[in-house]
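K.L.:
I have a structure here, written as structure tokens, and I will follow up with some questions on it.
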2 protein chains.
Amino acid sequence: MTLTKSNVNVEAQAMEAKKASKKLLVLSEEEKNQALLHLADVLEREYETILTANEKDLENGRKKDFTDAFMDRLSLSKERIAGFAQGLRDVAQLEDPTGQVLSDWTLENGLQVEKVTVPLGVIGMIYEARPNVTVDATGLALKSGNAIVLKGGSSAINSNQAIVEVMHRGLAETKIPKEAVQFIASTDRAATNELFTMKEHIDVLIPRGGGKLIQAVVENATVPVLETGVGNCHIYVDKDADVEKAIAILVNAKTDRPAVCNAAETLVVHKEWLEQYKDALITALKANDIGVHGDEYIQEIIPGSVLAGEEDWANEYLSTDIAVKAVDNLTDAIAHIETYGTKHSEAIVTEDSEAAEKFFALVDAAALYHNASTRFTDGSALGFGAEIGISTQKLHARGPMGLPALTTVKFLMKGTGQIR
Amino acid sequence: MTLTKSNVNVEAQAMEAKKASKKLLVLSEEEKNQALLHLADVLEREYETILTANEKDLENGRKKDFTDAFMDRLSLSKERIAGFAQGLRDVAQLEDPTGQVLSDWTLENGLQVEKVTVPLGVIGMIYEARPNVTVDATGLALKSGNAIVLKGGSSAINSNQAIVEVMHRGLAETKIPKEAVQFIASTDRAATNELFTMKEHIDVLIPRGGGKLIQAVVENATVPVLETGVGNCHIYVDKDADVEKAIAILVNAKTDRPAVCNAAETLVVHKEWLEQYKDALITALKANDIGVHGDEYIQEIIPGSVLAGEEDWANEYLSTDIAVKAVDNLTDAIAHIETYGTKHSEAIVTEDSEAAEKFFALVDAAALYHNASTRFTDGSALGFGAEIGISTQKLHARGPMGLPALTTVKFLMKGTGQIR
């Protein structure tokens, strides 16, 4: 990849963040919490500054004919800003993930060993439209003792910049140096690319947004990445599935919030179950306006279904459409999920506990469900308090990530002159 | 990076490994251990096959005029093979890192959540000369339920191939499919490069070897990497350091095994301490044949020291040479380590506990020592039983990595029809 230099000095900002991150290391939990609470107050107090900047982004968005959904995500209000502030107050309440002794022991020679959690250092956050990420990510980073470099989407650049300016004014009255929050004020893609290789100053990159953004970061970054993910989630209805549970779970996983990553995108269904319960299934699909893309077998059974192509099995519809695949047995269901799944969340509905065990053992995904909706793969639903994202990678953190995902460890060894 | 296709079918082998990894998921700890013990027996029984192949590598090495040290690492014997076998038996004794419930809780709606350790899947091991890695890495991979793709250095290709053939014959008599151990029988660099991007089939790459190899993997791989590291370790002798402790620690960290990554490469010394104890230091350096590369200040004090250039501060001598930097205070010492350290192991020698605390808080490294030698950053010294390598990265695993580094987690959710 050839990099062109952007019009802002990304490296200088990343270096400032690194320097500030050292100052965060010596702050107490109390000092960090007070800073977060103060930021919350300042955001609420200065909401008009933010709304004025937001209006510019909205105007640009209208000119560019953005979709209503997009405009809604971009749009701020006094209430939404109060929501951001509340988010910061909630994070202040959470347990400090740093300074925790994960294990400690003493060697025979008397050397004392402690494995302690510490901040990662500097987090690079690369995200798309939503301005709330600017506040949320800053809160999580600071609470865990990390500095942050923010690179938001160009459509929200005025809002993001105003939010950061307000937060900088707030930080000036706290123990956290304002340099701990860096905002890359550029709509230039080159600025994002520069972050990809800044290993000396940035400890981890977290992309939040669509598949393309995440792909670009994963493929081009030499800085380690926390991959948050796309979810092509499956509901497998087994031969011995209870019909009521199956239909309730399917409808919930598909329709509760179809645009989120833990929503179901494919129904994999055992042919014997389908034969027996097709009427109930068809009724439920119809009642919930679920559009079916089915294989040939399904087309015979479910009226009005569209013929599914190869792309349907891999597709995240993010709507109330669903792909439906009929299988002869559990093994074929697992093979289908293995081929097309994104290792996010997969569910089996069955009364056969052996089938559920096999599904749990063999399906490779962050979250596996037996007789429950995939919609629970979510930090707040699981009680984590705050969520950085849902990791679909296997290293460091998998599944919903809370504050501990923003820490690493140090081994601290206390001796009295021990040598080997 | 442009990839040329290698002369072996790397992708087919990686796919076989992935397929085999699924079979490992349903084996019991007992079945995995029995397989390891059997492999140990077979390696000892068939040692002559391995030695014959090793002789070919040694012959090639002699032709290429490899150094004595290199030839020694390459060279096998009946005893060394027995050592490999013992290594497998030791690994069989270790606790299974998979299937461990890290946490479990029940949501208010009754959904039961378990966070359980599971194998990563397929490990890609890219390593240099030492044939022992072929056995060690296989043992650790299989014990943790992972399949492995081995790509060793070309100078040991005959030995490695023979070892894998023997292990394959052994596995045929166990529950572990022999496809779980794949050996890329190619000296072609393109074969290594193919592994870099095989995200679908390989879950993690672990490079073992020199800095250049590790760099190449980190920079070019899209498969996640467990970076094992180079160690430019520092001993900082503070103003208030006890002279006996300081000298014993310095000599041990520098000379015990100078070629390993936890050996000290730079002495950072407080000028006041140096003034007071220079005679003792000079005597110790001389007695232990330690060659000094010092800054101008040091040159005045330590007779026979070579003038250190910028490259000395970053250098891993891996010999009994050492760089020596004089500083005015703790802050400058920390700044020097920050600039040139590799985040591996750093030590402070001092009787001032506040200085030690500051060093622990501010120095960013996997292992920090107060009044002890850096040589303890080692899985066996710390009691981990077996070591995959020493991670100098911050994500997933940091410092000495035992078997748990080869696992990830699954969230297993058991419900009775819960929806959101």
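The values are calculated or read from the model by the stated rules, or taken from the named source; none is laboratory data. Only a predicted model underlies this, so the values are computations on that prediction, with no experimental measurement involved. Virtual Cβ from ideal backbone geometry, glycine too; neighbours counted across all protein chains shown.
K.L.:
Answer with yes or no whether residue B:390 is more than 7 Å from chain A (Cβ to nearest Cβ), of a type in the set (A, V, I, L, M), within 12 Å of the chain's Cα centre (by Cα) and under 25 Å from residue A:204 (Cβ atoms).
P.N.:
yes
K.L.:
Let me ask something else about it. Applying the selection to segment B:187-217, what residues are of a type in the set (Val, Ile, Thr) and more than 14 Å from chain A (Cβ to nearest Cβ)?
P.N.:
B:187, B:192
K.L.:
Also: May I ask you to list the residues in segment B:337-355 that are in contact (Cβ under 8 Å) with a residue 60 or more places away in the chain and over 25 Å from the mean Cα position of the chain (by Cα)?
P.N.:
If the condition is that a residue be in contact (Cβ under 8 Å) with a residue 60 or more places away in the chain and over 25 Å from the mean Cα position of the chain (by Cα), then B:349, B:350, B:351, B:352, B:355 are the ones that fit.
K.L.:
Looking at segment A:406-414, is at least one residue away from chain B (no Cβ under 11 Å), surrounded by fewer than 22 Cβ atoms within 10 Å (Cβ to Cβ) and touching a residue at least 60 places away in the same chain (Cβ under 8 Å)?
P.N.:
Among the residues of segment A:406-414, not one is away from chain B (no Cβ under 11 Å), surrounded by fewer than 22 Cβ atoms within 10 Å (Cβ to Cβ) and touching a residue at least 60 places away in the same chain (Cβ under 8 Å), which makes the answer no.
K.L.:
Could you say which residue among A:351, A:357, A:338 is acidic (Asp, Glu), under 24 Å from residue A:228 (Cβ atoms) and within 11 Å of chain B (Cβ to nearest Cβ)?
P.N.:
A:338
K.L.:
Kindly establish whether residue B:206 is among the β-branched types (Val, Ile, Thr), within 26 Å of residue B:20 (Cα to Cα), more than 15 Å from the chain's Cα centre (by Cα) and crowded, with 20+ Cβ neighbours inside 10 Å.
P.N.:
no
K.L.:
Residues being touching a helix residue (DSSP H, G or I) at 6+ places or on another chain (Cβ under 8 Å), touching a residue at least 40 places away in the same chain (Cβ under 8 Å) and in a helix (DSSP H, G or I): count how many of those fall in segment A:251-282.
P.N.:
4
K.L.:
Give the residue, chosen from B:395, B:403, B:330, B:382, that is within 16 Å of the chain's Cα centre (by Cα), away from chain A (no Cβ under 11 Å) and not hydroxyl-bearing (Ser, Thr, Tyr).
P.N.:
Unique residue meeting the criteria: B:403.
K.L.:
Do the conditions hold for residue A:377, that is, is it crowded, with 18+ Cβ neighbours inside 10 Å and in contact (Cβ under 8 Å) with a residue 40 or more places away in the chain?
P.N.:
yes
K.L.:
I'd like to check which strands (runs of 3 or more DSSP E) are fully inside segment B:67-169 and have at least 2 residues that are more than 20 Å from the chain's Cα centre (by Cα) and assigned by TED's automatic domain parsing to the domain that holds residue B:186.
P.N.:
In segment B:67-169, the matching strands (runs of 3 or more DSSP E) lie at B:101-106, B:112-119.
K.L.:
So, one more: Considering only residues that are within 13 Å of chain B (Cβ to nearest Cβ), part of a loop (DSSP other than H, G, I, E, B) and touching a helix residue (DSSP H, G or I) at 6+ places or on another chain (Cβ under 9 Å), which ones fall in segment A:230-250?
P.N.:
Residue satisfying the conditions is A:241 alone.
K.L.:
Another one. State whether the residues of segment A:33-46 include one that is over 16 Å from residue A:166 (Cα atoms) and part of a helix (DSSP H, G or I).
P.N.:
Taking every residue of segment A:33-46 in turn, at least one turns out to be over 16 Å from residue A:166 (Cα atoms) and part of a helix (DSSP H, G or I).
Every residue, every condition in (1) in contact with a helix residue (DSSP H, G or I) (Cβ under 8 Å, 6 or more places away or on another chain); (2) surrounded by fewer than 17 Cβ atoms within 10 Å (Cβ to Cβ); (3) among the basic types (Lys, Arg), yes or no:
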{"site": "A:297", "(1), (2), (3)": "yes, yes, no"}
{"site": "A:300", "(1), (2), (3)": "no, yes, no"}
{"site": "A:308", "(1), (2), (3)": "yes, no, no"}
{"site": "A:311", "(1), (2), (3)": "no, yes, no"}
{"site": "A:314", "(1), (2), (3)": "yes, yes, no"}
{"site": "A:317", "(1), (2), (3)": "no, no, no"}
{"site": "A:321", "(1), (2), (3)": "no, no, no"}
{"site": "A:324", "(1), (2), (3)": "yes, no, no"}
{"site": "A:328", "(1), (2), (3)": "yes, yes, no"}
